[in-house]
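Just so it is clear, none of the values below were taken in a lab; they were calculated from the coordinates. Just so it is clear, the structure is predicted and the values come from calculations on it, not from any experiment. Here the Cβ is made from the backbone with ideal geometry for all residues, glycine too, and neighbour counts use every protein chain on show.
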Amino acid sequence: MIPLPEAYQERILTLLGPEADAFLSSYTAPKVQGVRRNSLKLAENSPVWHKIAQEFALEPVPWCPTGFYYPEHVRPGKSPYHAAGLYYMQEPSAMSSAELLAPLPGETVLDLAAAPGGKSTQLAFRMEGKGLLVSNEIHAGRAKILSENLERTGVRNAVVTSMTPEALADRFPAFFDRIMLDAPCSGEGMFRKDPEAVREWTDNSPAFCAARQRDILKDALRMLKPGGILGYSTCTFNREENEEIVQWILQEYPSFTLLKTERIWPHLERGEGHFVAVLQAGPSPAEPASPPQPSASLPGKGKGRKPSASNKQAQEAMDAFLAFAADSLPGFKAEAGEPLLFGDHLYWLPHSQDGTFSAERLTGVRVLRPGLHLAELKKGRIEPAHALALASQSEDAARTFLLAVDREAVHHYLRGEALPAADHANGWTLVTVDGYPLGWGKVSGGLLKNHYPKGLRLMG
Ligand code: SAM
């Protein structure tokens, strides 16, 4: 690890007094790593989860019932089970935020700073596919990674957007039951695993980040319904970005109540460190005590990308998709929502349970993933989407191709190779590992043509 800045060490001494030595020595300990079980796919008592827990030598994370530590030599990211989205790799203390925000199935939830998707996947697992999750990430490149992570973990009810908080708040005033703001911060809890975070830190970082956090919060709070719940979290230790931000909210928005705060310290717990606060809005829309100042640090409004086709075209595409499903995925069922065409891509857009969210809401919003990607239309034919495979169960499919985690063939599939399929019927086939979908293949004349997406294929 590169040396910690003097100014940072002095701040820690002021913050922690006699505990500062123990805290600073924790930086020389090995980093802590974790996985979260994907409860959309795997029950706690499922045999495959038992196998994973044993092979990865998992130990429970005290503050997250689906979270587990794994030892340094284990590589969960390399297992085909990861490609099947059976778990999400996440630093254990970061598992505390979504756990405390505790969204319920059927709610309308926003994750405002969501990439790469740790909190969003956790929120989505807790929502059990019901209700609406809007996962927003300001940086389009990072939003793409967020989208891939939601796709791999089989999340159906998430809409991925890439907007500034300000532009999003203009579109969704007083709209969400719960909002997660896992804020961009000075990242002091990243120092042990990321030397870049140490290099970027200066004595001005906490004040700079706190100003940005207040700016983002002004927009976040505009989007919260009366009585709604805000989860605010950071992976940094200074008070300016944590307790003082909470104080600022309570002062500026007197109708808010603080429900809970939690700190995870790396010298006291097994985690890199985290702060979470949960606040509840009062019974009327969130109004600041002092009038809002125009925010100078945020970029301008996002350019909108609209659904490109009429409802009629979307319905025709949906009919074609349903014909495909009747043949190849007869168990396909959708929650409340509507078909949406983005160019040649068909999505199933989830509706919110209160009926206030539909495609019109996305006018002027930059959207990367308007719900579950069902299919691509190729010259009038349906090609099922990878996301659809990952959001399905093997029982849903008419034809499956069974691979096992400890056999070489699964790696051939993940490398994009065709596989011999002499005793298989022709047609679209769901390829599974130990019973869990990995992607699509198409059998023809005794060969399974590989449809695992090119961008995800393993090398060599
Ligand atoms: N919640 C994510 C997770 O659990 O995987 C991690 C989020 S990270 C702590 C903060 C995010 O805020 C980054 O993805 C960053 O791109 C985004 N961000 C940076 N500046 C921002 C701004 N001005 N407004 C909103 N988001 C911003």
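Tabulated data
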item: ³J(HN,Hα), Karplus 6.51/-1.76/1.60, whole Hz, each residue of region 64-72, x for Gly, Pro; result: 9, x, 9, x, 9, 7, 10, x, 4
item: Cβ-defined net charge surrounding G273, 10 Å radius [Lys, Arg +1; Asp, Glu -1]; result: -2
item: Derived scalar couplings ³J(HN,Hα) [region 31-40; Karplus, 6.51 cos²θ - 1.76 cosθ + 1.60; whole Hz; x for Gly, Pro]; result: 5, 9, 10, x, 10, 10, 5, 7, 6, 6
item: For R366, distant residues with modelled amide H under 5 Å away; result: S162, R305
item: Distance between modelled label sites at D203 and K31, nm, 7 Å Cα→Cβ extension; result: 2.9 nm
item: Estimated 222 nm signal from helices in the chain, with DSSP H stretches of n ≥ 4 weighted -39500 (n - 2.57), rounded to 500; result: -8000 deg cm²/dmol
item: C-alpha long axis of helix 140-152 to longest principal axis of the chain, angle in °; result: 60 degrees
item: Angle between the chain longest axis and helix 6-16 axis [Cα atoms, degrees, rounded to 10]; result: 80 degrees
item: Principal-axis tilt of helix 205-222 within the chain, Cα atoms, nearest 10 degrees; result: 60 degrees
item: For L374, distant residues with modelled amide H under 5 Å away; result: L346, Y347, W348
item: Ratio Rg/Rh, restricted to the chain and using Cα atoms, in which Rh is the Kirkwood radius; result: 0.99
